[in-house]
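Novice: Have a look at the structure that comes next, please.
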Ligand SMILES: Nc1nc2c(ncn2[C@@H]2O[C@H](COP(=O)(O)OP(=O)(O)O)[C@@H](O)[C@H]2O)c(=O)[nH]1
Ligand SMILES: [Mg+2]
């Protein structure tokens, strides 16, 4: 069972900010991590964006199984929501955004045309959970248009808009959605992919859980990557075998779990284990509750101090 120390302090503020910004835009661009299209959604996003045309970008599609991503596109799409597969690092798929927006905003576009407007500029805001690629996306789109368009009298006071080559203006600051971790699986998915900071989780436990997941869905990748001979039933035995192969050993032949945990998570996140989809639309699994502890600011600071002390002790040992 994963224990997460969750500091909800900023949640209310960001929600209010997003609600305010929504009033200024024609559509929302929601970015999700294509490896976990369900877990990287915010529980309130449907409600928040009710009635707003929305384009969902399944980003980091370079890291997933293409077939699974296509399945997700099918199940997440509806008349108000267009879903696109993209790689914001390379800019792949981004050219599909404009046609998708034009289709969603067809009525508005037609009205503009009827009025004789030559240029139809669409205003959007970008939202997504931490680490899904919001900044990468905005930077990519703003590439040749770093110059901001500045305030628009009356309507958008104090808001900065970025021009993009797609006849679309973007609010320069994305809305950071808080991730949900209502069940352990969702929490783990977010942690595996880096959406939850490692500091609030036990990294050794996290690596063990990753091995457990991979041995279930992608056992061959573990065998290939780490040169282990077989997959054993107990994930800890597999983690041990991987650690030994990687030389993560301390005195008296003991395993250095911290080192192998960091290594494994890094390699997974960097795509070294190949293309991996951690969620499928037809996944059925038993929901196991995550232990989510709401912390106060004071508790959080105390815990971080304690952890730093512990890490220091470990170092000097
Ligand atoms: N492989 C891959 N990595 C990406 C992609 N888009 C963003 N990233 C990486 O994901 C990490 C988080 O991106 P960032 O834009 O900072 O996310 P933000 O927290 O939503 O602003 C960074 O290391 C990016 O380089 C992508 O399409 N593919
Ligand atoms: Mg960012």
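Novice: Enumerate the helices (runs of 4 or more DSSP H) found wholly within region 35-107, keeping only those where 1 or more residues are over 15 Å from residue 127 (Cα atoms).
Specialist: So the answer is 66-76, 97-104.
Novice: I want to confirm something. Restricting to region 166-183 and keeping residues that are touching a helix residue (DSSP H, G or I) at 6+ places or on another chain (Cβ under 9 Å), away from ligand 2 (no atom under 16 Å from the Cβ) and modelled with pLDDT under 85, which single residue is nearest to residue 46 (Cα to Cα)? Full working, then the answer.
Specialist: Residues of region 166-183 that are touching a helix residue (DSSP H, G or I) at 6+ places or on another chain (Cβ under 9 Å), as a first pass: 166-168, 170-181.
Retained after the next criterion (residues that are away from ligand 2 (no atom under 16 Å from the Cβ)): 166-168, 180-181.
Narrowing the set further to residues that are modelled with pLDDT under 85 leaves 180-181.
Values: 180: 13, 181: 17 Å.
Of everything passing the filter in region 166-183, 180 is nearest to residue 46 (Cα to Cα).
Novice: While we're looking at this one, here's another question. Could you please find all residues in region 53-85 being within 16 Å of ligand 2 (Cβ to nearest atom) and closer than 25 Å to residue 26 by Cβ? Give the derivation first.
Specialist: Just the residues of region 53-85 that are within 16 Å of ligand 2 (Cβ to nearest atom), to begin with: 57, 59-60.
Scanning region 53-85 gives 57, 59.
Novice: Now, a different point. How many residues, within region 87-100, are within 16 Å of ligand 2 (Cβ to nearest atom) and surrounded by 20 or more Cβ atoms within 10 Å (Cβ to Cβ)?
Specialist: Restricting attention to region 87-100, the residues satisfying the condition of being within 16 Å of ligand 2 (Cβ to nearest atom) are 88-89.
Filter again for surrounded by 20 or more Cβ atoms within 10 Å (Cβ to Cβ), leaving 88.
Residues meeting the conditions: 1.
Novice: Further, regarding this structure: Could you tell me which of the residues 134, 106, 140, 115 is within 16 Å of ligand 2 (Cβ to nearest atom) and out of contact with any strand residue (DSSP E or B) (no Cβ under 9 Å at 6 or more places or on another chain)?
Specialist: None of the others qualify; the one that does is 140.
Novice: Does residue 43 meet the test of being away from ligand 1 (no atom under 16 Å from the Cβ) and within 15 Å of the chain's Cα centre (by Cα)?
Specialist: Details: away from ligand 1 (no atom under 16 Å from the Cβ): yes; within 15 Å of the chain's Cα centre (by Cα): yes.
For residue 43, the condition - away from ligand 1 (no atom under 16 Å from the Cβ) and within 15 Å of the chain's Cα centre (by Cα) - is met.
Here's the yes/no breakdown for (1) modelled with pLDDT of 95 or more; (2) closer than 23 Å to residue 269 by Cβ:
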site	(1), (2)
51	no, no
54	yes, no
57	yes, yes
63	yes, yes
68	yes, yes
72	yes, yes
80	no, no
85	yes, yes
98	yes, no
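Novice: Further, regarding this structure: Within region 8-24, is even one residue assigned to a loop (DSSP other than H, G, I, E, B) and at pLDDT 95 or above? Walk me through how you get there before you give the answer.
Specialist: Within region 8-24, the first condition is being assigned to a loop (DSSP other than H, G, I, E, B), and the residues that meet it are 8-10, 23-24.
Checking the rest, the ones that are also at pLDDT 95 or above come to none.
Checking region 8-24: not a single residue is assigned to a loop (DSSP other than H, G, I, E, B) and at pLDDT 95 or above.
Novice: Please list, ordered by residue number, the helices (runs of 4 or more DSSP H) wholly in region 223-317 having 1 or more residues that are surrounded by fewer than 16 Cβ atoms within 10 Å (Cβ to Cβ) and at pLDDT 95 or above.
Specialist: Ranges flagged: 235-245, 257-269.
Novice: Of everything in region 122-144, what is exposed (fewer than 15 other Cβ atoms within 10 Å of the Cβ) and either touching a helix residue (DSSP H, G or I) at 6+ places or on another chain (Cβ under 8 Å) or part of a loop (DSSP other than H, G, I, E, B) (or both)? Give them in sequence order.
Specialist: 143, 144
Novice: Now for a separate question. Determine, yes or no, whether residue 58 is farther than 17 Å from residue 162 by Cβ and away from ligand 1 (no atom under 16 Å from the Cβ).
Specialist: Numbers: farther than 17 Å from residue 162 by Cβ: yes; away from ligand 1 (no atom under 16 Å from the Cβ): no.
The answer is no for residue 58.
Novice: Just for region 194-209: of the residues that are more than 19 Å from residue 132 (Cα to Cα) and touching a helix residue (DSSP H, G or I) at 6+ places or on another chain (Cβ under 8 Å), which one is surrounded by the most Cβ atoms within 10 Å (Cβ to Cβ)?
Specialist: Filtering region 194-209 down to residues more than 19 Å from residue 132 (Cα to Cα) leaves 202-209.
Subsequent filtering for residues that are touching a helix residue (DSSP H, G or I) at 6+ places or on another chain (Cβ under 8 Å) retains 203-204, 206-209.
On the way: 203: 16, 204: 16, 206: 20, 207: 24, 208: 19, 209: 22.
Per the stated criteria, the residue is 207.
The values are calculated or read from the model by the stated rules, or taken from the named source; none is laboratory data. Keep in mind the model is a prediction, meaning the values are calculated, not measured. Glycine gets a Cβ as well: all are built from the backbone with ideal geometry, and neighbour counts include every protein chain shown.
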